[in-house]
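Before any comments, here is the structure.
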Amino acid sequence: MDKNMKAVVIDSFGPAENMKVREIPVPVPGKGQLLVKVFAAGINPVDTYIRKGTRQKMSGVVFPKVIGRDLAGEVESLGADVKAFKPGDRIMSSVMPKNGGSYAEYAVVDESRACLMPVSSSYEEASGIPVAGVTAIQSFEVADVILADKSILIIGASGGVGTFAIQAARELKAKITAVCSSKNSGFVRGLGAQEVIEYDKTDYLHSGRKFDFIFDYAGGGDLKLLKSMLNHKGEYITTVRRPNLLWNGMFESKYNWFLADINTLDLEWFRDTVGAGKIKVIIDRVFPMDQAVEAHKYVETKRARGKVILKIR
Ligand SMILES: NC(=O)c1ccc[n+]([C@@H]2O[C@H](COP(=O)([O-])OP(=O)(O)OC[C@H]3O[C@@H](n4cnc5c(N)ncnc54)[C@H](OP(=O)(O)O)[C@@H]3O)[C@@H](O)[C@H]2O)c1
């Protein structure tokens, strides 16, 4: 095997143009880790935050820093004590920033954050699952109720997390109202939303509508108005951190922000549901590895419909 590999690296935090494709050493898997031959890397907004340096604590930064978290590929070799995988397995996973990054020909992942790919998926599709998919179902776990027949509002329904959330909520038999722009309305209806609110045509925050749960993957809406859209004992659950929220006390126990924790068990839910054809990985665009700059700029428009993927090989 080669000792060097191509990777998308940064030497300092900053704009997308800071990312360069360079030759660096292939990483070595430690205890409980897998060396993966990466075929595709799913891009998430968090990759752009790490690149910009707004998540320095998360990235455990040593320059040159390889960007990216999600990947799909083939297990190349095993570190000590790996039990569940063998060389040649086709897996999906998400790199811990301290272990490197996924926009590279090889990456090291923890066994506890890896899972076999859905049988019918391409590498591009499988690489789109880890962060967005697991975040979607963990937002339902935060709700901690059976969602069947509950009325839920999904804001940011057409993005990476939202497209998984609608489909998962449909499988769980929730009554889904989705919020997206008018250009995406037919698309999210096709994924399973019974009702769609086009935020560019309707002032839904003043509509007087009420829901059991609001899952917000876009952020930005006025919190007082969002609270007024919850039924008694309703809950607002978001992936987008809002400053000063704890101080304004507006949501009390009804407000939840959470950080997704990528783990094998939740990935297995997608291996099985995607593998059975119940849930689809929606891919907006696939960029070649040497167009990581363009790919990040596209993600930063916040207009992606489903996932944006970097093809590594
Ligand atoms: N806490 C965590 O652990 C965690 C995990 C994953 C993601 N996140 C965060 O969750 C958010 C969503 O992630 P993602 O991967 O889904 O992002 P994404 O794929 O980039 O989201 C793009 C989508 O957002 C929609 N959107 C933008 N503004 C909107 C608005 N005002 N109302 C409704 N929809 C809007 C766009 O739809 P239109 O074009 O129709 O506007 C587009 O389809 C990001 O802020 C991300 O950082 C947090």
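The values are calculated or read from the model by the stated rules, or taken from the named source; none is laboratory data. Computed from a predicted structure; not experimentally measured. Cβ placement follows ideal geometry from the backbone for every residue including glycine, while neighbour counts extend to all protein chains displayed.
Overview of results
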{"quantity": "Within segment 230-243, considering residues that are assigned to a strand (DSSP E or B) and not acidic (Asp, Glu), the one farthest from the ligand (Cβ to nearest atom)", "calculated": "HIS232"}
{"quantity": "Complete set of residues in segment 146-167 that are touching a residue at least 40 places away in the same chain (Cβ under 8 Å) and among the hydrophobic types (A, V, I, L, M, F, W, C)", "calculated": "LEU147, ILE152, LEU153, ILE154, ILE155, ALA157, VAL161, PHE164, ALA165"}
{"quantity": "Qualifying residue in segment 272-280 (condition: crowded, with 17+ Cβ neighbours inside 10 Å, under 19 Å from the mean Cα position of the chain (by Cα) and within 10 Å of the ligand (Cβ to nearest atom))", "calculated": "no"}
{"quantity": "Pairs, first within 13 Å of LYS307 (Cβ to Cβ) in segment 126-139, second polar (S, T, N, Q), C-beta under 7 Å, six or more apart", "calculated": "PRO130/SER93; PRO130/SER94; VAL131/ASN44; VAL131/SER94; ALA132/ASN44; THR135/THR239"}
{"quantity": "Test: residue in segment 119-134 that is surrounded by 21 or more Cβ atoms within 10 Å (Cβ to Cβ), out of contact with any Lys or Arg (no Cβ under 7 Å at 6 or more places or on another chain) and over 30 Å from PHE213 (Cβ atoms)", "calculated": "yes"}
{"quantity": "Elements of type strands (runs of 3 or more DSSP E) in segment 1-54, at least 2 residues being surrounded by fewer than 20 Cβ atoms within 10 Å (Cβ to Cβ) and either in contact with a strand residue (DSSP E or B) (Cβ under 8 Å, 6 or more places away or on another chain) or assigned by TED's automatic domain parsing to the domain that holds ASP110 (or both)", "calculated": "4-10, 20-25"}
{"quantity": "So VAL75, is it crowded, with 19+ Cβ neighbours inside 10 Å, in contact with a Gly (Cβ under 6 Å, 6 or more places away or on another chain) and modelled with pLDDT of 95 or more", "calculated": "no"}
{"quantity": "Residue in segment 95-102 that is free of Cβ contacts under 8 Å to residues at least 60 places away in the same chain and away from the ligand (no atom under 16 Å from the Cβ) present", "calculated": "yes"}
{"quantity": "Odd one out for GLN291 among (1) away from the ligand (no atom under 12 Å from the Cβ); (2) not in a helix (DSSP H, G or I)", "calculated": "(2)"}
{"quantity": "Test: residue in segment 103-110 that is buried (at least 19 other Cβ atoms within 10 Å of the Cβ), away from the ligand (no atom under 16 Å from the Cβ), in a helix (DSSP H, G or I) and assigned by TED's automatic domain parsing to the domain that holds ASP11", "calculated": "no"}
{"quantity": "Candidates SER253, SER228, SER181 - the one that is at pLDDT 95 or above, among the small types (Gly, Ala, Ser) and not assigned by TED's automatic domain parsing to the domain that holds ARG285", "calculated": "SER181"}
